[in-house]
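Novice: Got a structure for you, questions after.
We did not get these values from a lab; they are worked out from the coordinates using the rules stated. For clarity, every value in this text was computed on a predicted model and none was experimentally measured. For neighbour counting, all protein chains shown are included, and Cβ atoms are generated from backbone atoms with ideal geometry for every residue, glycine included.
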Amino acid sequence: MTTKPDDPVVVNKREHDGERSSAWRHFSLQNAPLILSMLILAGTLIAYVTLYKRELHKFPTNFDWTSLVNTALPLVFAAVGQSFVVLTRGIDLSVGGMMDISNSLAAVHLRPTPASMIAWSVVILLVGAAGGLVNGLLVAYARLQPILVTLATLSIYQGLALRVLKEPGGAVPPAYTNFLTSTKRPSGLLLVALAGGLWWVFRRTRFGMGVFALGNDEVAARANGIAVRRLKVWAYVLAGLFAAAGGLLMTATRTGGDATAGTVYTLTSIAAVVLGGISFLGGRGSAIGAICGAFALTLVENVLFFAHIEPLYTPFYQGLFLIIAVLLGSVAGRLARGRTR
Amino acid sequence: MTIDTATPAAPHVVRRLTEDRRRILFAYVAMIGVFIVGGLLNSAFVSGQSIRANLIIASFVGIVAAGQAFVILIGGIDLSVPWVINGAAIMLVSTSLGRNDRALFAVAATLGFGLFIGFVNGVGIAYLSVPAVVMTLGMNGVMEGLTLGRSKGLTCGSCASYAPSSVRALYDTRLLGIPLGLFVWLLIAIAIAFVLSATTFGRRIYAVGNSPRVSFLAGVSVKPLTVVLYMLSGMFAALCGILLVAYGGQPALGMGDPFLFQSIAAVVIGGVSILGGRGHYVGVLAGAVTLVALVSVLQGRQWLHESDRSIVYGVTIIVILLLYGRSREES
């Protein structure tokens, strides 16, 4: 775990040494973790459809699919946000606290007028970005370890969320729920596409390239004129922004607010990133993988339900699923690299 | 989580030693600082009774932090402690059924259970190269599910048992006014300090923490060492579970949850680098006491709402980290 198994230098060297690699082989080597996360998603999808068919003697309906997407939405956004930070070789444990704040603010302030809903959504997204900014400044400029900074800010954000909403309550305008997470129109799917699209843009900007570069080798990135600190701060800002968006979507799928409901997303967003094949050593992976991971985790919950697993045992199977999926990834990675050698 | 370029100033051995000692000193200064502030806010805070209560809670954090320190010293992390603690606590009461004649067996079985979980973690991390964060996060879920499922959400018949009186004697009996449980912590602390400072095993831990590859080339069996350290972490978490039921009498669901972040925070406040290879358990002792004292100072403030406590707690940790937890300027 201390060496990068597929160091770019080594990969390049191998390509120059041996016969010319085909474009496909290059692609599959570069994207092996992403392909694997898609395979995991496909596996859970097949399991879900099979069990659904066995239990209800029909295939999942449009309603099932849209509600599945809606359930996964908060995690999708939290996981994409987490991806930016993990790519810089960091980690954001405050994601859950940020979603708590977002959820509480939305439940307290949203009024059923378009102006209120839009204005407050923007304000909440900005609050998320500000929370991320604090994390980023402490990590990049005060040079504190990300895991410690975000641990501390998690506590702070949870406290702030509780200040906003002391006990579960508040209300969510039905129009808000309808617009973002309708079960009749594929609005949820559009939002997933939006998250994926933003990632696609990010990946192609100077900013995105810089984040990948600094995640791979910070010293080399700085030597090449990349403003390492500033980019790190922006990565955390994005994480905060996406976490706040996740919190808004969580609010939309519920009837009210709960200042502690978002906390669980700290660990599940990390799990989704892991399943998505993003390396904790930084600079390697794709948020598309994290989106697949988020859906796989949501599907597993449904699979366990249809498989009549005692609910108390659910964490057991989720934990096992996480370990086995990553284990498969490292075995597959080893095999793939063995073959190209 | 591990970065093997963490020692840019490696040749200056003397300077490194003094910096590590400086960090430990800071941890003790922070500890005394919290007690002074606490005493100024409320003089009862520095009474013998209050200090004793704080030290007992600190011993729980400190013992989990001992295992956490071992794995953090080699650049790892153990996120599985919450449900190992909880599982161990339930296991102790349900195997002993509150009977003294089964107490020894129950304690041994529970510690063995902790060692086994740590063994699985270690094998996954060292031999199957699963990242430590993933392995122990997954294991925490596995243990949560098993604990909830096997105990039927703590509604099983044997779960209602109390800890045997011989185990509870750890906190019911006092020697020189100090509960026996605190002596357990003292003995553990002395043993760990000795292991880290005066044995080849301890030296190897630092070597691996600084550079696994170089240690491997120097003949250290890195993988077995990693497994042993995760086993220790599992065992200390299980021991914490035992001590918690010895203190409180009965297990509860979620009783291990606060210990995850607190153990990591205690290790880091104690001057151990989260990147591995530097720091000492002597500092972690102070880290655990500082953290617990801080929480109890905050809890003593009646006008402070729970949410404000959590904010102050986070801000204080950041301030402590800003004072001395900063990593060196790179290149």
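Novice: Report the residue, chosen from A:LEU275, A:LEU249, A:LEU160, that carries the largest GNM mean-square fluctuation when chain A is represented by alpha-carbon nodes joined by springs under 10 Å.
Specialist: So, out of A:LEU275, A:LEU249, A:LEU160, the one fluctuating most is A:LEU160.
Novice: Do you know the Lys pair count in the protein assembly as shown for C-alpha distances under 28 Å, with sequence separation 8 or more or different chains?
Specialist: Close lysine pairs under the 28 Å cut-off: 5.
Novice: Rounded if a/c is under 1.5, else prolate if a/b is larger than b/c, else oblate: which is the range A:137-279, with a ≥ b ≥ c the root eigenvalues of its Cα gyration tensor?
Specialist: Verdict is oblate for the range A:137-279.
Novice: Label point 7 Å out from B:GLN299 along Cα-to-Cβ: which residues of the range B:170-207 have amide N under 12 Å?
Specialist: Flagged as within label range: none.
Novice: Just want the ordering: B:PHE261, B:PHE216, from fewest to most Cβ atoms lying within 10 Å of their own Cβ.
Specialist: Fewest-to-most Cβ neighbours within 10 Å comes out as B:PHE216, B:PHE261.
Novice: As a check on your grasp of the helix formula, calculate [θ] at 222 nm for chain B: sum -39500 (n - 2.57) over DSSP H runs of n ≥ 4, divide by the residue count, round to the nearest 500.
Specialist: One gets -24000 deg cm²/dmol as the mean residue ellipticity at 222 nm.
Novice: Something else: Normalised by the number of residues in chain B, what is the relative contact order in percent for Cα pairs under 8 Å and 6+ residues apart?
Specialist: Normalised by residue count, the contact order of chain B is 34 percent.
Novice: Over the range A:39-195, what is the mean sequence separation of C-alpha contacts under 8 Å (at least six apart), divided by residue count, expressed as relative contact order in percent?
Specialist: On the way: 132 pairs, mean separation 52.1, N = 157.
The value is 33 percent.
Novice: Now, a different point. I want to verify a result. In a Gaussian network model of chain A, Cα cutoff 10 Å, which of these has the top mean-square fluctuation: A:MET117, A:MET38, A:MET99?
Specialist: Its mean-square fluctuation being the largest, the pick is A:MET117.
Novice: OK, next. Counting other beta carbons within 10 Å of each residue's own, what order do B:VAL195, B:VAL61, A:VAL149, A:VAL122 fall into, fewest first?
Specialist: A:VAL122, B:VAL195, B:VAL61, A:VAL149
Novice: Multiply the residue gap between A:ILE35 and A:PHE305 by 0.36 nm, knock off their C-alpha separation, and tell me the result in nm, one decimal place.
Specialist: 94.5 nm
Novice: Sticking with this structure for a sec: Grab every C-alpha pair in the protein assembly as shown, bin the distances at 20 angstrom width from 0 up to the longest one, and report whole percents.
Specialist: For the protein assembly as shown, the pair-distance distribution reads 18, 53, 27, 2.
Novice: Can you pull the one-decimal nm distance between simple spin-label points at B:VAL315 and B:SER165, each 7 Å off the Cα toward Cβ?
Specialist: 4.9
Novice: Follow-up. Rounded to the nearest 0.05, what FRET efficiency is calculated for B:CYS156 and B:ALA191 with R0 set to 30 Å and r the Cβ-Cβ distance?
Specialist: About 0.30, to the nearest 0.05.
Novice: I would also like to ask the following. In chain B, which whole DSSP H runs stretch at least 30 Å along their own axis (Cα) and average 1.6 or higher on the Kyte-Doolittle scale?
Specialist: Both cut-offs are met by B:103-126, B:222-248.
Novice: Kirkwood Rh, chain A, all Cα pairs: how many Å?
Specialist: The Cα-based Kirkwood calculation yields 20.8 Å.
Novice: List every residue whose amide H lies under 5 Å from the amide H of A:ARG89, counting only residues 5 or more places away in sequence or on a different chain, with H placed 1.01 Å from N in the peptide plane.
Specialist: Here A:GLY282, A:GLY283 satisfy the definition.
Novice: Moving on to the next point. Whole Å is fine, so just give me how far the alpha carbon centre of the range A:289-307 lies from that of the range A:63-138.
Specialist: Each part reduced to its Cα centre gives a spacing of 20 Å.
Novice: Would you please classify the overall shape of chain B from the alpha carbon gyration tensor, given that a ≥ b ≥ c denote the square roots of the eigenvalues, rounded means a/c under 1.5, and beyond that prolate means a/b larger than b/c while oblate covers the rest?
Specialist: Note, shape of chain B comes out oblate.
Novice: Also: If I take R0 = 56 Å and measure r between the Cβ atoms of B:THR173 and A:ARG54 in this structure, what FRET efficiency does the formula 1/(1 + (r/R0)^6) give, to the nearest 0.05?
Specialist: 0.40
Novice: Is any helix in chain A, taking whole DSSP H runs, at least 18 angstrom long along its axis by alpha carbon and on average at least 0.0 on the Kyte-Doolittle scale, and which ones?
Specialist: Values: long enough: A:32-56 (35 Å, 1.32); A:62-87 (35 Å, 1.16); A:95-109 (21 Å, 0.77); A:114-140 (38 Å, 1.88); A:146-164 (26 Å, 1.39); A:187-203 (24 Å, 1.50); A:228-252 (36 Å, 1.20); A:287-306 (28 Å, 1.92); A:314-340 (39 Å, 0.88).
TM-like helix candidates: A:32-56, A:62-87, A:95-109, A:114-140, A:146-164, A:187-203, A:228-252, A:287-306, A:314-340.
Novice: When A:TRP120, B:TRP185, A:TRP24 are ordered from fewest to most other Cβ atoms inside 10 Å of their Cβ, what list results?
Specialist: Values: A:TRP120 18, B:TRP185 21, A:TRP24 8.
So the residues, fewest neighbours to most, are A:TRP24, A:TRP120, B:TRP185.
Novice: What length, rounded to one decimal in nm, is gained on full extension from B:LEU217 through to B:THR199, with 0.36 nm per residue of separation minus their alpha-carbon distance? Show your work: numbers first, answer last.
Specialist: Details: separation 18, 0.36 × 18 = 6.48 nm, distance 1.98 nm.
Using 0.36 nm per residue and subtracting the Cα-Cα distance, I get 4.5 nm.
Novice: When chain B is treated as a GNM, springs tying every alpha-carbon pair under 10 Å, which of B:THR173, B:THR226, B:THR95 comes out with the largest mean-square fluctuation?
Specialist: B:THR173
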